[in-house]
Amino acid sequence: MEQYSKAPDTSPEALLHQLQKSETSILSYTYAEPTISYEYLLDTSKLVRKAGYYTVLVSNGFLNPAPWHELLPWINAMNIDIKGNEEIYDQECAAPGAYKRVLENVRRAYQSGVHVEITTLLIPRIHDKIINQLVNDIEGISRDIVWHISAYFPQYRSSAPPTSAQRVREVAAMIRNRGFRYVYTGNI
């Protein structure tokens, strides 16, 4: 029988202790959707912020309004992945209503003073049709939001051809031409 060691202590207090021992001042919640463990995220963020450190949330932004509002004072910066418009969230993500909620959460975070960045994975067969709507909707929040446009590469069950570096640059230039100040390309 294989032996397993005890899992490390990952209590909010243990994470703060690790942060205090490190040479950084930022705790980032990323890679897996952090709001799945909402209570843990909130407790840890409160503890870390009260101790004078910073918090960063990398999320899909799809959280109900009340917990989102409760979390915002404890987050310094965030990156929200905007997958597409309402149709994309409905059909590709099986998440009806998600687009409006994500946009509203981006708006609330931005208006509350959180540093907000968004990322859009540019999938040719999907985003070529809707990029103008995304630009209009984000413009309705602020052109000062940092926007990362990332190239898509097929993985797992995806079979669409990858996004060319040229297309990513074209879309980023179009967004800049609309008055957005902070547009970056990625994954090219």
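What is the calculated FRET efficiency for Tyr40 to Gln155, with r their C-beta to C-beta distance and R₀ = 41 Å, to the nearest 0.05? Provide the component values of the computation, followed by the final result.
Details: r = 28 Å, r/R0 = 0.69.
The value I calculate is 0.90.
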Cross-link reach from Lys83 to aspartates and glutamates, straight Cα distance under 20 Å and at least 8 residues apart if same chain, gives Glu33, Glu92, Glu104, Glu117, Asp128, Asp137, Glu139, Asp144, Glu170
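What ranking, highest mean first, results for peptides 71-83, 140-152 when packing means the other Cβ atoms within 10 Å averaged over each residue? Before the final figure, lay out the partial values.
Details: 71-83: 19.8, 140-152: 17.9.
Final packing ranking: 71-83, 140-152.
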Counting sequence-distant residues (5 or more places) and residues on other chains, those with an amide H built under 5 Å from that of Thr119 are Ile80, Asp81, Ile82, His148
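Using DSSP to define loop residues, name the GluC sites (Glu not before Pro) in segment 1-84 whose beta-carbon has at most 14 other beta-carbon atoms within 10 Å.
Numbers: sites: Glu2, Glu13, Glu23, Glu39, Glu70; in loops: Glu2, Glu23.
Of the GluC sites (Glu not before Pro), the ones in loops of segment 1-84 whose Cβ has at most 14 other Cβ atoms within 10 Å are Glu2, Glu23.
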GluC sites (Glu not before Pro) in segment 80-135 lying in a DSSP loop, each with at most 13 other Cβ atoms within 10 Å of its Cβ, come to Glu92
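Per Stokes-Einstein, at 20 °C and 1.002 mPa s, what whole-number D in µm² s⁻¹ belongs to the chain, with the Kirkwood radius over Cα pairs as the hydrodynamic radius? Walk me through the numbers on the way to the answer.
On the way: Rh = 18.0 Å.
The calculation lands on 119 µm²/s.
Below 8 Å between Cα atoms, with a sequence gap of 6+, how large is the relative contact order for segment 38-108 in percent?
Details: 73 pairs, mean separation 22.5, N = 71.
In percent, rounded to a whole number, it is 32.
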Helix-only [θ] at 222 nm, the chain, -39500 (n - 2.57) per DSSP H run of 4+, per residue, nearest 500, equals -13000 deg cm²/dmol
Stretched fully, the stretch from Lys129 through Ala173 gains (0.36 nm per residue minus C-alpha distance, one decimal, in nm) 14.2 nm
For 120-126, 107-113, ranked highest to lowest by mean beta-carbon neighbours within 10 Å, the order is 120-126, 107-113
Note to self: C-alpha centroids of segment 29-77 and segment 103-175 sit apart, in Å, by 22 Å
The long-range amide H neighbours of Thr55, using H built 1.01 Å from N in the peptide plane and a cut-off of under 5 Å, are Leu27, Asn76, Ala77
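If we sort 41-52, 172-183 on the protection proxy, mean other Cβ atoms within 10 Å, highest first, what's the order? Don't jump to the answer; show the numbers that get you there.
On the way: 41-52: 17.2, 172-183: 14.9.
Going from most to least packed, we get 41-52, 172-183.
Any chance you could run the full-extension gain for Thr30 through Asp144? It's 0.36 nm times the residue separation minus the Cα-Cα distance, nm to one decimal.
Details: separation 114, 0.36 × 114 = 41.04 nm, distance 2.31 nm.
This chain segment gains 38.7 nm when fully extended.
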The answer for the per residue Cα convex hull volume of segment 98-159, in Å³, is 99 Å³
With the 8 Å Cα cutoff and a minimum separation of six or more residues, the chain has a relative contact order in percent of 15 percent
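Each reported figure results from applying straightforward, stated rules to the coordinates on display, with no laboratory input. Keep in mind it's a predicted model, so treat the numbers as computed, not measured. Methodologically, a virtual Cβ is constructed for each residue, glycine included, from the backbone with ideal geometry; neighbour enumeration extends over all protein chains shown.
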